[in-house]
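In what follows, a single structure is set out as structure tokens and then discussed.
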Amino acid sequence: MTIRLVLLGRQGSGKGTQGARLAAHYGIAHISTGEMLRNAIKHGTPVGKVVKEVIDKGGLVEDDLMSSLVKGRLGEADARTRGYLLDGYPRTLTQAQALDDIARARPINVVVDLEVPREVVAARISARREAEHRVDDSPEAVEHRLSLYDERTAPLIAHYRQLGVLSVVDGVGTPDEVFTRLVAAIQTATGVTGPGGDGQSRR
Ligand code: AP5
Ligand code: MG
């Protein structure tokens, strides 16, 4: 079967780190909306100009704009045929509803919540600040981003639990330990163990 996965988790929980590894492991597209937006800003595109200020302050970009960007990306050949991992979308219930529509023909088959406490992610992000110089890694923007997560994104955990597609994975530990847990959880949820959708399909 083809994996279509949503990776949920606080800012700094390791969505980017693990998203890249999982996408390589399964041979699927890693779609990070944060990376898409940072690239748009870097290249000075019309979208980049609209979103720069919101992102730098740690706010959330408008739902309609995000959903249309994701709709376009999921319509590309690689995502349609090989499957994908969404990192950073959906982040609001409105986006989750939009994704239900976008993916109606080929639904999401697993949603993973990468669970890492607030104190741990705050420490990881301040360590990253030196290396990557993300404007939204300033202490003020990080505080705002983490509050928005609790208010707007955390409710998606209950939403996907109710739909019966949620797996919760402990994201504290070394990147290798977390990766091993993720692969095990994805196998339990989908029956897929590696590239090409081998293993028994259960959904
Ligand atoms: P986005 O780029 O998605 O940022 P984020 O959600 O804030 O998450 P991060 O990228 O900070 O963390 P991560 O979970 O990817 O962790 P990482 O692997 O880097 O979004 C940026 C902005 O774009 C948003 O604030 C918003 O403005 C906008 N946006 C994007 N999508 C949107 C949407 N759908 N709707 C509205 N607006 C949207 O890890 C963090 C650090 O920890 C790294 O340095 C890493 O090396 C380290 N690390 C990772 N794993 C471990 C480990 N196991 N142990 C120790 N360190 C680790
Ligand atoms: Mg990221």
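The values are calculated or read from the model by the stated rules, or taken from the named source; none is laboratory data. Because the structure is predicted, anything quoted here is derived from the model rather than measured. FYI the Cβ positions are ideal-geometry reconstructions off the backbone, even for glycines, and counts take in every protein chain you see.
Which one is nearest to GLY164 (Cα to Cα) among residues in region 64-113 that are part of a loop (DSSP other than H, G, I, E, B) and within 16 Å of ligand 2 (Cβ to nearest atom)?
The selected residue is PRO90.
Looking at GLY14, is it in contact with a Lys or Arg (Cβ under 7 Å, 6 or more places away or on another chain) and either under 19 Å from GLY75 (Cβ atoms) or within 15 Å of ligand 2 (Cβ to nearest atom) (or both)?
Against the criterion (in contact with a Lys or Arg (Cβ under 7 Å, 6 or more places away or on another chain) and either under 19 Å from GLY75 (Cβ atoms) or within 15 Å of ligand 2 (Cβ to nearest atom) (or both)), GLY14 does not qualify.
So how many residues does region 1-41 have that are modelled with pLDDT of 95 or more, more than 14 Å from ligand 1 (Cβ to nearest atom) and not in a helix (DSSP H, G or I)?
6
Checking GLU132 against (1) within 13 Å of ligand 1 (Cβ to nearest atom); (2) touching a helix residue (DSSP H, G or I) at 6+ places or on another chain (Cβ under 9 Å); (3) within 25 Å of LEU65 (Cβ to Cβ); (4) not β-branched (Val, Ile, Thr), which single condition isn't satisfied?
(2)
Go through (1) in contact with a Pro (Cβ under 9 Å, 6 or more places away or on another chain); (2) buried (at least 18 other Cβ atoms within 10 Å of the Cβ) one by one and return the number of the condition VAL172 breaks.
The number of the failed condition is (2).
For the list (1) within 19 Å of LEU93 (Cα to Cα); (2) within 15 Å of the chain's Cα centre (by Cα), I need the number of the one condition that LEU182 fails.
(1)
In region 119-130, which residues are more than 17 Å from LYS15 (Cβ to Cβ) and surrounded by fewer than 13 Cβ atoms within 10 Å (Cβ to Cβ)?
GLU119, GLU130
Please state which of the following conditions GLY44 fails to meet, knowing it meets all the rest: (1) more than 23 Å from ALA189 (Cα to Cα); (2) outside any helix (DSSP H, G or I); (3) touching a Leu at 6+ places or on another chain (Cβ under 8 Å); (4) of a type outside the set (A, V, I, L, M, F, W, C).
(3)
Inside region 115-127, can you point out the residues that are assigned to a helix (DSSP H, G or I) and either out of contact with any Asp or Glu (no Cβ under 6 Å at 6 or more places or on another chain) or free of Cβ contacts under 8 Å to residues at least 60 places away in the same chain (or both)?
Once the filter is applied, which keeps residues that are assigned to a helix (DSSP H, G or I) and either out of contact with any Asp or Glu (no Cβ under 6 Å at 6 or more places or on another chain) or free of Cβ contacts under 8 Å to residues at least 60 places away in the same chain (or both), region 115-127 yields ARG118, GLU119, VAL120, VAL121, ALA122, ALA123, ARG124, SER126, ALA127.
State whether the residues of region 111-122 include one that is closer than 15 Å to VAL6 by Cβ and of a type in the set (Lys, Arg).
no
Could you identify the single residue in ILE31, ILE41 that is more than 21 Å from VAL165 (Cβ to Cβ) and β-branched (Val, Ile, Thr)?
Exactly one residue qualifies, and that residue is ILE41.
Give just the number: which of (1) at pLDDT 95 or above; (2) in a helix (DSSP H, G or I) does SER167 not satisfy?
(2)
Given the options GLY72, GLY59, name the one that is modelled with pLDDT of 95 or more and loosely packed, with under 15 Cβ neighbours inside 10 Å.
Being modelled with pLDDT of 95 or more and loosely packed, with under 15 Cβ neighbours inside 10 Å holds for just one of GLY72, GLY59, which is GLY72.
I'm checking my understanding of the structure. Among residues of region 131-165 that are basic (Lys, Arg) and farther than 30 Å from GLY191 by Cα, which one is surrounded by the most Cβ atoms within 10 Å (Cβ to Cβ)?
So the residue we want is ARG145.
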